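Chemist: Starting off with a structure, shown below.
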Amino acid sequence: MIALIDCNNFYVSCERVFQPTLLGRAMIVLSNNDGCAIARSEEAKALGVQMAQPAFMIEEVIKKNNVAVHSSNYTLYDSMSKRVMQIIKERVPRTEVYSIDEIFADLTGMAYCDLREFAKELKQIVTSSTGIPVSVGIAPTKALAKMANRYAKKTRPDEGVFVADSQELIDAMLSFTGVGDIWGIGKQHEVQLKQAGFLTALDFVQKASEEWVRKTLTVKGQRLYNELKGVSCIEWEEERPTRKAICTSKSFGKLITSKGEVKQAVAKFASACAEKLRKEKSCATKIEVFIKTNPHKPNEKQYEPSVTLDLPVATNLTTELIRYAMKGLELIFQAGYKYQKAGVVVKDLVPETVIQLGIFEEKPPEKDKRLMDCLDQVNKTFGKDTVRFGVQGYGKAWHLKQGNLSPQYTTNLNHIPKAS
Amino acid sequence: MTNQPIQFYGYVQAGFASPASDYAEEDIDLAKLLAYKPSVFYLRARNDSMIEAGIHEGAILVIDKALTPKNYDIVIASLLGEFTVKYYVKDMQGIRLLPANPKYKPLSITEEMAFQVWGVVTAVVIETRKL
């Protein structure tokens with residue numbers, strides 16, 4: 001059997017652990033730059049706040065109902081996520097962290113355990129240790145475990161546990177779940193399934209033929225179909241494979257027209273990409289730079305160019321990535337527009353150890369590598385961006401808008417909560 | 001005899017092996033002893049209400065959230081939206097929070113108070129010399 005443990009309203013729950021006044025109060029967490037709601041408390045959901053709803057659209061609801069609004073504090077969420085995951089990893093033979101707030105646990109070999117008791121205990125220990133409430137779904141396959149988790153949340157909110165260990169229970173859950181709520185079924189496929197007369201997950205597994213599924217939903221859909229029939233087809237990923245691309249991009253705090261300021265931002269993003277690459281021990285072979293104006297201001301002239309450059313030698317050196325990012329920016333920057341966002345994407349990543357040298361390229365000088373190691377070390381010891389390249393600048397114009405950011409309660413000694 | 005191949009028997013280390021190498025153990029790591037669990041958090045004491053328990057203003061409190069409080073444990077409780085550090089007592093009269101300083105009054109918890117034990121204080125760190 002496989003368990004999926006999912007943190008309830010994770011970002012909201014993290015904030016509540018350290019601010020008890022938020023308990024029971026409607027609350028949302030906004031995305032980077034305070035753009036839209038990305039986490040909602042149950043009370044906020046009841047008020048009709050939708051996922052990903054832009055903040056300006058819900059201003060009235062917020063004011064009228066005194067909804068608490070927080071900026072996203074990813075440092076805190078990451079710290080709390082690691083704690084939750086560690087507690088679970090200590091208690092099951094194999095796990096796979098699926099996202100910041102979800103983890104699969106392989107319960108094979110725990111056949112003699114009472115799974116209901118186990119799930120309750122696990123839920124209790126996570127919640128008492130971290131303050132984060134979780135739901136547990138247990139079923140024969142990953143897709144069914146994911147569904148069991150949702151079913152637990154929807155039908156047993158107090159208990160928060162559902163174990164689908166008989167066909168009868170699986171069928172009950174399948175018939176409860178609309179096809180659009182199946183894990184991995186997007187909007188487009190939802191429409192196709194409904195047109196074909198499959199309204200619930202149960203219709204889908206009982207009435208659709210495997211051939212039809214493969215033709216309509218491709219091999220991925222076929223795998224899902226079999227998973228829902230109880231046949232495990234989704235592999236376990238022990239370690240996340242090397243990412244294909246790393247993107248650093250943020251909206252500016254205000255609209256920017258000056259080339260100098262855009263340059264600073266892009267250099268900073270390139271530098272952040274380089275640091276992430278070095279941390280993952282990978283190198284990029286391509287770099288993309290993009291800038292864009294604000295599409296929500298139709299009266300302003302719109303412009304959103306991007307350019308991708310090949311890097312002659314795969315690299316993770318800050319110097320090189322800034323150099324190419326600047327080249328890219330030169331190619332696309334046009335004066336006279338009000339820019340709202342910029343970003344750098346490093347792509348086609350390869351492990352540091354298998355860098356292909358171009359025939360006419362020289363080996364990256366050892367000196368640069370030592371410089372980077374030194375740079376990372378200094379910044380690790382003395383704080384982010386203590387040492388940086390001149391072009392990144394010290395200006396604040398393009399910095400993130402984070403109106404109501406909570407302290408870093410668990411990672412900064414100056415931010416720990418106080419007790420009287 | 002002259003064409004005998006040279007046999008290779010392995011390396012010989014120069015110098016003297018440390019006579020202590022068989023006895024080496026890891027150094028004491030306070031962080032590991034006090035706080036090496038995902039359920040451990042830190043808070044800071046805001047005042048001297050627990051001074052007689054050795055908790056000075058500004059002391060760092062090590063808290064294990066996973067523990068269930070026993071009588072006379074020092075706990076962190078959330079009370080009316082604030083964190084408070086006090087002795088915890090639960091008996092026939094209900095739950096009380098007791099300070100360790102005569103200047104402060106004991107508190108009896110009533111049902112309508114928003115009250116929750118947040119964690120149990122397991123250690124206190126006091127800096128004796130400010131940098």
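Chemist: Assuming R0 = 45 Å, can you tell me the calculated FRET efficiency for the pair A:V231 and A:M57, based on Cβ-Cβ distance, to the nearest 0.05?
Modeler: 0.55
Chemist: Quick check: pseudo-label points 7 Å beyond the Cα along Cα→Cβ at A:K259 and A:Y112, how many nm apart are they?
Modeler: The answer from the label model is 7.4 nm.
Chemist: Once you have all Cα-Cα distances for the range A:1-99, histogram them in 10 Å bins from zero and send the whole-percent values.
Modeler: 15, 43, 28, 12, 2
Chemist: In square nanometres, what is one fourth of the surface area of the convex hull spanned by the alpha carbons of chain A? Before the final figure, lay out each step's value.
Modeler: Values: hull surface 100.9 nm².
Spelled out: convex hull of the Cα atoms, projected over all directions, averaged, 25.2 nm².
Chemist: Now a separate question. Return the aspartates and glutamates within reach of A:K338: Cα separation strictly under 19 angstrom, same-chain partners fewer than 8 residues apart disregarded; answer none if there are no such residues.
Modeler: Answer for A:K338, where 19 Å is the Cα cut-off: A:E261, A:E300, A:E304, A:E330, listed by chain and number.
Chemist: Let me ask you something else. How much of the DSSP beta bridge set in the range A:14-112 is antiparallel, as a percent to the nearest 5? Let's see the in-between values first.
Modeler: Working: 9 of 13 bridges.
Roughly 70 percent of the DSSP beta bridges within the range A:14-112 come out antiparallel.
Chemist: Counting only Cα atoms, I'd like the Rg/Rh figure for the range A:65-159, Kirkwood definition for Rh. Display every interim value, and only then the final one.
Modeler: Numbers: Rg = 14.4 Å, Rh = 14.5 Å.
Taking Rg over the Kirkwood Rh, I get 0.99.
Chemist: Straight-line reach from B:K103: which lysines have a Cα under 16 Å away, not including same-chain ones fewer than 8 places off?
Modeler: Filter leaves B:K86.
Chemist: Gaussian network model of chain A, Cα springs within a sub-10 Å range: biggest mean-square fluctuation belongs to which of A:N294, A:N32, A:N73?
Modeler: Highest fluctuation of the listed residues: A:N294.
Chemist: Give the aspartates and glutamates reachable from A:K418 as a straight Cα distance under 18 Å; neighbours fewer than 8 places away on the same chain don't count.
Modeler: List returned: A:E15, B:D48, B:E57, B:D64, B:E82, B:E127.
Chemist: Looking at this model, which pairs from A:K64/A:K292; A:K146/B:K32; A:K142/A:K276; A:K45/A:K254; A:K250/A:K286; A:K250/A:K327 are more than 26 angstrom apart at the alpha-carbon?
Modeler: Numbers: A:K64/A:K292 34 Å; A:K146/B:K32 35 Å; A:K142/A:K276 30 Å; A:K45/A:K254 30 Å; A:K250/A:K286 20 Å; A:K250/A:K327 20 Å.
Correct reply: A:K64/A:K292; A:K146/B:K32; A:K142/A:K276; A:K45/A:K254.
Chemist: Here is a follow-up. Given the options A:N9, A:L371, A:A152, identify the residue whose Cα lies farthest towards the positive end of the charge dipole of chain A (+1 on Cβ of Lys, Arg; -1 on Cβ of Asp, Glu).
Modeler: Farthest towards the positive end: A:L371.
Chemist: A further question on this structure: Return the single residue from B:L61, B:L107, B:L30 with maximal mean-square fluctuation; model: Gaussian network over chain B, springs between Cα atoms under 10 Å.
Modeler: Result: B:L30 has the largest fluctuation of those listed.
Only the coordinates and a few stated rules stand behind these numbers; no lab work does. Note that the structure is predicted; figures quoted are calculated from it, not measured. Cβ: placed from backbone, ideal geometry, glycine included. Neighbour counts: every protein chain shown.
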